[in-house]
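The next block holds one structure in the form of structure tokens; read it before the comments.
The values are calculated or read from the model by the stated rules, or taken from the named source; none is laboratory data. Please read these numbers as outputs of a predicted model, since none were measured by experiment. Every residue, glycine as well, gets a Cβ built from its backbone with ideal geometry; the counts of neighbours run over all protein chains shown. Calculation scope for accessible area: heavy atoms of the full protein, side chains included, ligands and nucleic acids excluded. Shrake-Rupley method; radii C 1.70, N 1.55, O 1.52, S 1.80 Å.
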Amino acid sequence: MSSPVDRGATVALSGALGGWLLATAASQHPHRLFDGLRRFDRLGLVLPNWRFFAPEPAQHDFHLLHRVVTADGATTPWEETAPIASRRWAHVVFFADRRREKGMFDVANEVITVLGQPSSDVTKTVAFELLRNRVEVEVLRRHGDGPRPKGFQFLVARHTGYDESGDPDYVLSSPFFALDEAPA
């Protein structure tokens, strides 16, 4: 048989944990009205912020496309460099490729930010070089068995994702990049 002190401690602890659970759940609400609870936890240690989406969730996907000038001088049609993976139920548990897609999204957002700045040269940025290098690696991989292409060009397109009703926006079209001769 438990003592009144034990029951009181159990009720107090249950109340404190229940209050903490409610405060944590309320602070996850998308409406910022409930963020007032956070002023008591400036470091975010007691009331974690587990919102699954940013204050303005992404409403589009970025696609990286490229075309190649072949060894005989023909230009291929645009093709997707790294297609976005179709979702499967197993991705609920493990979806490592999503990190690559998130990286592409972040790099494309950086390019858009630079494009919005007057008198900035996007071709001199790390984000642009990352895109260029990613495309070059993929072009060389895809054309590794045949004659080496003369060069390539890439395109960043923004699309609404699963909503197929709109046309894509073409955010950036790169200049043509010549590929050096294959090392001997």
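Applying the selection to region 73-85, what residues are more than 15 Å from GLU138 (Cβ to Cβ), touching a Lys or Arg at 6+ places or on another chain (Cβ under 9 Å) and in a loop (DSSP other than H, G, I, E, B)?
Correct list: GLY73, PRO77, ALA85.
Every residue, every condition in (1) touching a strand residue (DSSP E or B) at 6+ places or on another chain (Cβ under 8 Å); (2) open to solvent by 40 Å² or more (accessible area, probe 1.4 Å); (3) of a type in the set (Gly, Ala, Ser), yes or no:
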residue	(1), (2), (3)
ASP72	no, yes, no
TRP78	yes, yes, no
THR81	yes, no, no
THR113	no, yes, no
GLY116	no, yes, yes
SER119	no, yes, yes
GLU138	yes, no, no
GLN153	yes, no, no
SER165	no, yes, yes
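If the condition is being over 21 Å from GLY166 (Cβ atoms), of a type in the set (A, V, I, L, M, F, W, C) and assigned to a loop (DSSP other than H, G, I, E, B), then region 57-72 contributes only ALA71. Considering (1) outside any helix (DSSP H, G or I); (2) farther than 20 Å from ALA85 by Cβ; (3) not β-branched (Val, Ile, Thr), the lone condition that GLU129 does not fulfil carries the number (1). One residue alone among ARG88, ARG98 is exposed (fewer than 11 other Cβ atoms within 10 Å of the Cβ), of a type in the set (D, E, K, R) and farther than 24 Å from PHE177 by Cα, and that residue is ARG88.
Collect the residues in region 121-136 that are touching a helix residue (DSSP H, G or I) at 6+ places or on another chain (Cβ under 6 Å) and open to solvent by 70 Å² or more (accessible area, probe 1.4 Å), keeping them in residue-number order. The one that is touching a helix residue (DSSP H, G or I) at 6+ places or on another chain (Cβ under 6 Å) and open to solvent by 70 Å² or more (accessible area, probe 1.4 Å): LEU130. Among the criteria (1) out of contact with any strand residue (DSSP E or B) (no Cβ under 9 Å at 6 or more places or on another chain); (2) closer than 30 Å to SER27 by Cβ; (3) open to solvent by less than 50 Å² (accessible area, probe 1.4 Å), the one PHE105 does not fulfil is (1). GLY144 passes every criterion in (1) more than 21 Å from the chain's Cα centre (by Cα); (2) touching a residue at least 40 places away in the same chain (Cβ under 8 Å) apart from (2).
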